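**Student:** The structure is given below, and queries will be raised subsequently.
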Amino acid sequence: MKVNLLLLLGGLWNGAAAEESSNDWVDVYPETYEQIESFYLAHDCKPYQNHGAIYDIDEARFLSFDEIAAFLPAQKEHFSPDQCEMKVAPDELANVWSYAKALPAQGRIVVFYDISVNSKGESMLQKLPFSEEFKALYHERVDVLSSITSLPKYRVITPSSLSGG
């Protein structure tokens, strides 16, 4: 079952720009949700949370679902078929993410648009009434994407405008 949550949560964020996480992900914190939303809408795409994608740095574009399925057949079920195949330069992508470092010079990267966090850094997965099935599928997706060791991994964590911290 494919579960995608349309990004509906926006707001202000006072978090760090990026930090290395303990499971080989680079956690990236855009300053506002609106940055991500405007960027996707400008490319005729919808922003999603709980959404994995593959970005090809050499071709400066996101792969289609069919390309992802051919490249990572064992993990394809954990990528949404709703891929936005936009072309975007690596430095522009890093800028939209508020990521001060350069992306790798070449190759492909896994991008995971995680579920928003509140101003205390707590995942809205724990704060909103998601079903246990949704939570289990989310954790399975994160585990499978985390197991991809052949590519660098970037987790984009947007701030939520919802209170409830």
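**Student:** Can you confirm whether ILE54 is of a type in the set (Val, Ile, Thr) and part of a strand (DSSP E or B)?
**Tutor:** yes
**Student:** Give me the residue from segment 50-64 that is touching a helix residue (DSSP H, G or I) at 6+ places or on another chain (Cβ under 8 Å) and not small (Gly, Ala, Ser) and, out of that set, surrounded by the fewest Cβ atoms within 10 Å (Cβ to Cβ).
**Tutor:** Only one residue fits best here, namely ILE57.
**Student:** Also, quick follow-up: Just checking, does segment 156-163 include any residue being in contact (Cβ under 8 Å) with a residue 24 or more places away in the chain, in contact with a strand residue (DSSP E or B) (Cβ under 8 Å, 6 or more places away or on another chain), surrounded by fewer than 19 Cβ atoms within 10 Å (Cβ to Cβ) and hydroxyl-bearing (Ser, Thr, Tyr)?
**Tutor:** yes
**Student:** In addition: Restricting to segment 97-118, and then to whatever is among the aliphatic types (A, V, I, L, M) and crowded, with 17+ Cβ neighbours inside 10 Å, can you tell me which residue is farthest from the chain's Cα centre (by Cα)?
**Tutor:** Going through the qualifying residues, I end up with LEU103.
**Student:** Within segment 31-49, track down each residue that is closer than 22 Å to PHE130 by Cβ and either buried (at least 18 other Cβ atoms within 10 Å of the Cβ) or at pLDDT 90 or above (or both).
**Tutor:** Selection gives TYR33, ILE36, PRO47, TYR48, GLN49.
**Student:** With respect to the numbered conditions (1) closer than 24 Å to SER38 by Cβ; (2) free of Cβ contacts under 8 Å to residues at least 60 places away in the same chain, which one is the sole condition not fulfilled by ASP82?
**Tutor:** (2)
**Student:** Then there is this: I'd like the full set of residues that are free of Cβ contacts under 8 Å to residues at least 60 places away in the same chain and either over 16 Å from the mean Cα position of the chain (by Cα) or more than 15 Å from SER150 (Cα to Cα) (or both), limited to segment 66-75.
**Tutor:** ASP66, GLU67, ALA69, ALA70, PHE71, PRO73, ALA74, listed by residue number.
**Student:** Just give me the residues in segment 139-152 being surrounded by 20 or more Cβ atoms within 10 Å (Cβ to Cβ) and not hydrophobic (A, V, I, L, M, F, W, C), in sequence order.
**Tutor:** Hit for segment 139-152 is ARG141, nothing else.
**Student:** Sticking with this structure for a sec: Starting from segment 118-144, take each residue that is within 16 Å of ILE157 (Cβ to Cβ) and list its partners that are modelled with pLDDT of 90 or more and surrounded by fewer than 18 Cβ atoms within 10 Å (Cβ to Cβ), counting only C-beta distances under 7 angstrom and pairs at least six apart or across chains.
**Tutor:** The qualifying pairs are LEU125/LYS135.
**Student:** Further question on the same structure: Considering ALA16, ALA102, which residue is at pLDDT below 85, farther than 21 Å from VAL144 by Cα and among the aliphatic types (A, V, I, L, M)?
**Tutor:** Exactly one residue qualifies, and that residue is ALA16.
**Student:** Would you check which residues across segment 104-151 are in a loop (DSSP other than H, G, I, E, B) and in contact with an Asp or Glu (Cβ under 8 Å, 6 or more places away or on another chain) and list them?
**Tutor:** Within segment 104-151, GLN106, GLY107, THR149 qualify.
The values are calculated or read from the model by the stated rules, or taken from the named source; none is laboratory data. No experiment lies behind these values; they were computed from the predicted model shown. Note: ideal-geometry Cβ built from the backbone for every residue, glycine included; neighbour counts use all protein chains shown.
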